[in-house]
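Only one structure is covered here, and it is reproduced in the block below.
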């Protein structure tokens, strides 16, 4: 798969995810219209859909059909979007822009943004239950997937990571070890879960599932490092938000702790290690291999 | 079942729900400790557990064993508690007290309270998936229950009702019809779902399920009216929060629209109608009948 092939793959998968989310969510005029308009505002704000695409590619990497993973991949994007809307709130990271657009609370007000996050999170699990009932995958496996995603995104996973991140902000004594733990929970855990869930849905046995888990963990961390580096080196126009925000807000990042060039090297090593984990996989794993490389080579 | 019998029934069921929630949630020292302490603070703040008890009683009313409904009933309480934590936030209803204690954000700060709500909501679905996998109930039926609960609590249900409620506050032109619609969504929908889900888990056929749905809808509305009346007439000490808050905050309530005595009558008529819906049920429905009467005859 060459670079053009990867871009086609990414945009096709992205389209499938967007189409399903469009058709699943209540229309922008459904009652209450303000809530549904605001939900769609953040959900269709130009996200890269990295997590759902990883989930689908992981399903394919173990020989599963992409259509099996699609509803669950889309549910992961609902969870990711809810977490962004809540993280941007004034009481949290207090961000005004994301992906080149005003954040949800800047556009619709704080109370609406809180409810938008709640509704997106609820929609994620509702969608899995509904699509699961209509799927050829066994209901038992769907419950397992829901348990995986719930554990990854709850108090001991993503939500816990966000709390640790807020508590660490502005602290002087943050070590690299602590930063890794925060990021493993805040960002890594959902990326890891996306890959794992794709594997489960694709019918991976215990060995491949464990290899995918290690793969997912490593690219999850690489993704966050790349994000931090982009905040220092990226172009504002491509990123859709001001650069240098992490530093000005006293956020803990890899470049701040180890310098930009060491952070970049660290990300490359992580992706290499990730690829080694799945080297026994066949050519059907090529998309997920390419996505891993893309993660550290993107401009936004 | 006499009054003492009802009180025993309520306290026994409450204990079962509390015990399961205690054992399911990560301990208060689990990482991050602040988050888990704050989750437990609101979850074990003396809630009446009306929704889970209704769910269990509804399961029993159609001949099911209470233990089947317990995990799902407890998940409903997690959803109810998350909604209270978020509703109390400064950007929403901005309440300082609930059940005689400081609200979550007053105690732990706004960012923690937002994350507490997110974590409780996630825990509800995670718990249903996990307990569902260990249950004798078919995974398919569990997915149906999760779909019911997700639909009831999402953007077209409870969350949508909360948005409509906020939008309606302080408006002069609120009609009784609009108020009913708001309350049907905001409070009624979760109470209705609790009763429906109990029926599904207890193995109710289509007819009994439909009767329980009507029953649940009517007592859900009666419950909200009784709540509004208590805000006017209740005792501050028993309620655990200042009375008269609805009026001072310009909230739309039944007593404000129709007067206290008409509101009380309305609640009584609703409960009578609710009881008529399930009059063909046997003595195993006695607890749920008593709870319906209790709903309009409580002091907090």
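As a size descriptor, the averaged projected area of the C-alpha convex hull of segment A:149-250 was calculated at 7.5 nm².
Can you tell me the length gained on complete extension of the stretch residue A:269 to residue A:12, counting 0.36 nm per residue apart and subtracting the Cα distance? Kindly include the intermediate steps, with their values, before the conclusion.
Working: separation 257, 0.36 × 257 = 92.52 nm, distance 2.88 nm.
This chain segment gains 89.6 nm when fully extended.
Kirkwood analysis of segment A:3-295, using all unique Cα-Cα pairs, places the hydrodynamic radius at 19.3 Å. With q set to 0.16 Å⁻¹, the log10 of I(q)/I(0) for segment B:235-294, from the Debye formula over equal scatterers at the Cα positions, is -0.72. Roughly how far apart, in whole Å, are the Cα centres of segment A:214-271 and segment A:105-170? For segment A:214-271 versus segment A:105-170, the Cα centre distance is 24 Å. Annotation: segment B:1-106 has a Kirkwood hydrodynamic radius of 14.9 angstrom, from the mean reciprocal C-alpha pair distance.
From its DSSP helices (H runs of at least four residues, each -39,500 (n - 2.57)), chain A gives a residue-normalised ellipticity at 222 nm of -22500 deg cm²/dmol.
Rounded to whole Å, the principal axis extents of the Cα atoms in segment A:213-270 read 33, 23, 17, largest first.
Among B:245, B:162, B:211, the residue with the largest mean-square fluctuation in a Gaussian network model of chain B, with springs joining Cα atoms closer than 10 Å, is B:245. For residue A:23, the distances from its label point to the matching points in the remaining copies are 4.4 nm, ordered from shortest, with each point set 7 Å beyond Cα toward Cβ.
Distances from residue B:258 to itself in the other copies, using label points 7 Å out along the Cα-Cβ axis, amount to 6.6 nm in increasing order.
Sorted from nearest, the other copies put their residue B:242 label points 3.8 nm away, the label point being 7 Å from Cα in the direction of Cβ.
Going 7 Å from the Cα of residue B:207 toward and past its Cβ, which residues in segment B:30-64 have a backbone nitrogen under 18 Å from where you end up? Once the point is set 7 Å along Cα→Cβ of residue B:207, B:61-64 turn out to lie under 18 Å by backbone N, inside segment B:30-64. Once the Cβ-Cβ distance of residue A:261 and residue B:30 is raised to the sixth power relative to R0 = 41 Å, the FRET efficiency obtained is 0.65. Put simply, the convex hull of the Cα atoms in the protein assembly as shown casts, on average, a shadow of 26.0 nm².
Every number in this text was worked out from the coordinates using simple rules, so none of it is lab data. The shown structure was predicted, so the numbers you read here are calculated from the model rather than taken from an experiment. As a convention, Cβ positions derive from the backbone with ideal geometry for all residues, glycine included, and neighbour counts pool all protein chains shown.
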